[in-house]
Amino acid sequence: MNALALTDDIARHFGRARESYEQAARLQRLVAAKALTLLKPTDGLLLDLGSGPGWFHPKLKQHCTDLIALDLSHDMLQKTREAQDATLAVQADAQALPIASESINRVFSSLMLQWCEQPQLVLREINRVLKPGGSAVLSTLLDGTLEEFKQAWAQVDHHQHINQFLPLSFFLQLQQQYPESGLELQTEQVQLSYPDVLALARELKDLGANTVTQGRNKALTGKQRWQKVQQAYPSRCIDGSISASYQVLHLVLTKKSKE
C-alpha cells in the first residue's frame, strides 16, 4: 500500500468511528490527561494535531489564547466544528502541515503519531512551525501494546491482527540524531480491563484503531475463532475478564530560542 492510499485508509477508518469514538476513548482520556500535565500554558496559538472529534478541547482551551484543530478526517473535523471550541479546524496531514513557519506557540498531539507512516516528518514539521522557545507534547503507542491480544491470536492463526507499533529504540535514535530539538522521552504502561476479547475488539473498532495492519486477514472471523482467542488469552480471570496493556510514550520537544 503506497503512502497516499495508506493515508486515505486511515482517514476513512477514523471518519467512520466519529460517532462511537468518545464513548470508547478510555485510553485516549487517560493518555491525554497525562500529556496535558506536560504542556506549558501559552498566551498564543496552540495546535492540536490529530484532534479527532475535539472532545479534549475544553481542557486545551484553558492552556491557550486560540486553538487550531488539525485532523486527517473530514468527518472528525465536522464534530469539532459543531462543538465550536476550536478557533480554526483544518483538514491536513501532520506530515505536511499547511502552516507558516514559526507561527505556533505550542503543539499538542495525543495518540496520533502511531498512525503516521513517517513520524520523523511530523517532528520536523512541528519544529518548523513552532516559534523559537515554543514546545510540543506528543503521545504515541510503542511496540508491546496489546501484546496479550497478539499472543492469543498467535495460538489461533498466523495472520496479523494487531497494528505494528514502533519500538522505543526508534525514538531514542531520533533523540540522538536531532539533539537541537531538545527531545525528552517518558514511558508508561496503561492497563485496561475488559469483560472478554470481543469487548476489547469492539472498543478498538469503535476507536477506529483496528485499521491499516498490512497483511491482515480480511476473512470473516467466526464465533468459534473468537472463542479460541478467549481461551488462549493469557492471565484471564475466573470470571473470564481480561486485561490489555498499552505501552505509551510521551515526547516533549522544545525549540531553541534565538540568541
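What follows is calculated from the coordinates using simple rules that are stated; it is not laboratory data. No experiment lies behind these values; they were computed from the predicted model shown.
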Exercise. Read phi for every residue in region 49-66 and hand back ³J(HN,Hα) as whole Hz from Karplus 6.51 cos²θ - 1.76 cosθ + 1.60, θ = phi - 60°, with x for Gly and Pro.
Key: 8, x, 6, x, x, x, 5, 9, 5, x, 6, 5, 4, 6, 10, 7, 8, 9
Quiz prompt | Distance violations [Cα-Cα > 25 Å] among K40/K205; K34/K61; K79/K131; K40/K150; K34/K258; K79/K256 | solution = K40/K205; K79/K131; K40/K150; K34/K258; K79/K256
Quiz item: If the chain between R128 and H74 were fully stretched, how many nm would it gain, using 0.36 nm times the residue separation less the Cα-Cα distance?
Solution: 17.0 nm
Quiz item: When the Karplus curve 6.51 cos²θ - 1.76 cosθ + 1.60 is applied with θ = phi - 60°, which whole-Hz ³J(HN,Hα) does each residue of region 123-130 get, with x for Gly and Pro?
Solution: 5, 5, 5, 4, 4, 5, 7, 5
Quiz item: When the Karplus curve 6.51 cos²θ - 1.76 cosθ + 1.60 is applied with θ = phi - 60°, which whole-Hz ³J(HN,Hα) does each residue of region 179-190 get, with x for Gly and Pro?
Solution: x, 5, 7, x, 6, 10, 10, 9, 10, 8, 10, 10
Quiz item: What's the extension gain from A100 to H63 if we count 0.36 nm per residue and subtract their Cα-Cα distance?
Solution: 11.2 nm
